[in-house]
Structure formats: C-alpha cells, structure tokens
1. Can you list the chymotrypsin sites (Phe, Trp or Tyr not before Pro) in the stretch 44-147 that are in a DSSP coil and have 11 or fewer other beta carbons within 10 angstrom?
2. Can you classify the stretch 46-162 as rounded, prolate or oblate using the Cα gyration tensor, where a ≥ b ≥ c are the square roots of its eigenvalues, rounded means a/c under 1.5, and otherwise it's prolate if a/b beats b/c and oblate if not?
3. Given an 8 Å cut-off on Cα distances and at least 6 residues of separation, report the relative contact order of the stretch 18-158 as a percent.
4. Given axes a ≥ b ≥ c from the Cα gyration tensor, I'd like to know whether the stretch 94-162 is rounded (a/c under 1.5), prolate (a/b larger than b/c) or oblate.
5. With each label point set 7 Å from Cα along the Cα-Cβ vector, what nm distance links Asp141 and Thr88?
6. Set the Förster radius R0 to 22 Å, insert the Cβ-Cβ distance between Leu106 and Thr156 as r into 1/(1 + (r/R0)^6), and round the FRET efficiency to 0.05.
7. Please go through the residue pairs Lys95/Lys155; Lys50/Lys94; Lys50/Lys86; Lys79/Lys104; Lys51/Lys79; Lys45/Lys100 and name each one whose alpha carbons sit more than 26 Å apart in this structure.
8. Given labels modelled 7 Å from the Cα in the Cβ direction, how far is it in nm from Gln47 to Val77?
Amino acid sequence: MNKSLKILVALIGAFVITNSAAFAEAVPSKVAVVNVQEVVNSSAKVQALKKQQEAKAKEFVTFIEKARKDVAATTDVNKKKSLEEKYTKELNTKKEANDKEYAKQLAEIDAAISNQIANVAKSNGYDIVISRGIVLYGGNDITDAVKSAVASSEKTTTKKRK
C-alpha cells in the first residue's frame, strides 16, 4: 500500500511539473482591461439609438391613447371587441418590428465596439483583454484608447453614409 502511494505521489508530481511548464508558456505576456460600460455609454451610436427608442416609445404611447379613445367612443359591443383586436394586433406588429430593428442595430454596435477593442489591443501588443468589472487588480486600462477609436470609427462611418 505504501509503495502504491509513493507511485501515485510521483505520478501526480510529474503531472504537475509537466503541466505547469506548459501553462507558463501559455500565459499571455500582456493583459489589458477595458471598462466596456464606459465605452458603450460614450458611443454616439448608442446615444442615437437611445433617442430613437425614446421617440418610438412616445409613438407607442400616442398610438395606445388613440386606440383607447376610438374603442371608448364605440358603443356597439361587437365593434368594440373588433377594434380592440385590431389595435392589439397592430400594436404587436409595430412592437415586433421595432424590437427586431433595435436588436439588429444593437448587434451592429456591439460588433463595432468589440472590433475596436480588438484593434486597440492588437495595435498595443496585448494578448488578452478583460472587462474592468471582472478584474480586481492589474492589467493596463485601455478604456480611453478604445473610446477614442470608437468615436473616430463612428465619425468615419457617418461621413461615408453622407
């Protein structure tokens, strides 16, 4: 039994030594951190999307108010029910279309910001980038560089569209 224990300890020791050498080679030499929320909040495209969604919300409120008035003004029970169904269906269709468009634009913005983070990291020789909220200590903060890159990219994209 004692001999088996020694062999097991020797095998575990060899495994740890072998894997720690491999792990040491795999550890990135430069780590960056980025405050993604700060980058997102500073994005002009995100701000425009927020304003667009606020305007859509106002449109929905106006639509609902109009629908309620129309339904309230109708005295016939069958017509009232029919109007309610019509407006509900129309509202759901508008909401679904809005949600799809919002998700599409959000995905495009997310991809653009992720690309800028990758570009800044690569251009500065970083092997890995971690969100600032996850890191307790360490890493070089590239948030300002990413914010500048995103702003520059958004200006370029806006000029190309005009």
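Derivation of every value follows stated rules applied to the coordinates shown; laboratory data play no part. Not measured: the values here are computed from a predicted model. Because the Cβ atoms are built from the backbone with ideal geometry, glycine has one as well, and the counts that use them run over all protein chains shown.
1. Tyr137
2. Because a/c hits 1.5 or more and a/b exceeds b/c, the stretch 46-162 counts as prolate.
3. Values: 100 pairs, mean separation 75.2, N = 141.
Rounded, it is 53 percent for the stretch 18-158.
4. Oblate.
5. The modelled label-to-label distance comes out at 5.2 nm.
6. For Leu106 and Thr156, the calculated efficiency is 0.60.
7. Values: Lys95/Lys155 30 Å; Lys50/Lys94 18 Å; Lys50/Lys86 29 Å; Lys79/Lys104 37 Å; Lys51/Lys79 37 Å; Lys45/Lys100 17 Å.
Among Lys95/Lys155; Lys50/Lys94; Lys50/Lys86; Lys79/Lys104; Lys51/Lys79; Lys45/Lys100, the Cα-Cα distance tops 26 Å for Lys95/Lys155; Lys50/Lys86; Lys79/Lys104; Lys51/Lys79.
8. 5.6
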